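Structure first, then comments.
The values are calculated or read from the model by the stated rules, or taken from the named source; none is laboratory data. Predicted, not measured: the structure shown is a model, and the values here were computed from it. Methodologically, a virtual Cβ is constructed for each residue, glycine included, from the backbone with ideal geometry; neighbour enumeration extends over all protein chains shown. For accessibility, only protein heavy atoms count, side chains too; no ligands or nucleic acids. Shrake-Rupley method; radii C 1.70, N 1.55, O 1.52, S 1.80 Å.
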Amino acid sequence: MRNVIIITLSSILVAFAYNFLLIPHEILSGGLSGIAIMLGIITPLNTGVLNLLLNLPLLILGVMKLGKRFISYTILSVAVLSVSLYIIPIYKATQEPILASLFGGVIVGVAMGLIFRAAGSSGGFDIIAMLLSRKRDFPLGTLIAAMNGIVVAASGFVFSWDAALLTLVSIYATGKVVDTIHTSHIKLTLMIITNKGEEVKQQLLEKLHRGVTIIDAKGAYSGEGRQVLITVITRYQLADVKSTIKETDPKSFVNILQTTEVMGMFDRGTSK
């Protein structure tokens, strides 16, 4: 319920940033939302309706390819954002385009960072990046930035190159704030000490494309046999993994370490 509330409020905050700061100055955000904003400005259609229509095919693909919890939260975010964009009136909160670009980007970054921390996403390019990152170990931020370049170029050709530069400022501010709140490409090593090694292992293998190493161990104080599971994940997966471990073995002990570098097979679907 906490995640649902965070995602709902954050998505509404994104809509306010769009309708109060970005859209009145013809400044685009990153991702499919940016394309929806552009189409909403040059066509009679509402940006919220366009955002939902553009995200729909990717949401369907995400249901088939990505985790149920992640895609459920993403559907919630897209739905709340689209409805909010439709309901909230467009109002020019500032007459200065550079202020609108900078503060709009910061507000969107804060909201999106909170959505990521709640194990969801705002849809669009995030889903594409997640799918691509499962095939090759590229940082999600790099993939999203590359696709956002298309949005910046489109802004320049459709509106003006001043608008494109302001869009670039907005996207850059958003990315920096998101990285501060939630850095998705950081690798984490998990050491899970549990009495339910097989159950935890099975859950991790079903939900992750990562290898899991199991070591038999014994408690120094109790003398009881336990298993130590070691795996490396991305920061993007942490919220979902923590929830899975709590559901499977609430009494497990988990040590989470930031990993400097990974060599060898990072994407692996079987235990080692």
Checklist outcome for this item: LEU81 passes all but one of the listed conditions (1) open to solvent by 50 Å² or more (accessible area, probe 1.4 Å); (2) modelled with pLDDT of 90 or more; (3) part of a helix (DSSP H, G or I); the exception is number (1)
Checklist entry - Quick check, is LEU39 without any contact (Cβ under 8 Å) to a residue 24 or more places away in the chain and in a helix (DSSP H, G or I)? => result yes
Checklist entry - Can you pull out the strands (runs of 3 or more DSSP E) entirely within the range 208-259 that have at least 3 residues that are hydroxyl-bearing (Ser, Thr, Tyr) and loosely packed, with under 14 Cβ neighbours inside 10 Å? => result none
Checklist entry - Does LEU9 count as open to solvent by 60 Å² or more (accessible area, probe 1.4 Å), in contact with a helix residue (DSSP H, G or I) (Cβ under 7 Å, 6 or more places away or on another chain), assigned by the TED database to the domain that holds ASP126 and closer than 21 Å to ALA173 by Cβ? => result no
Checklist entry - Does any residue of the range 162-170 turn out to be in contact with an Asp or Glu (Cβ under 7 Å, 6 or more places away or on another chain) and at pLDDT 80 or above? => result yes
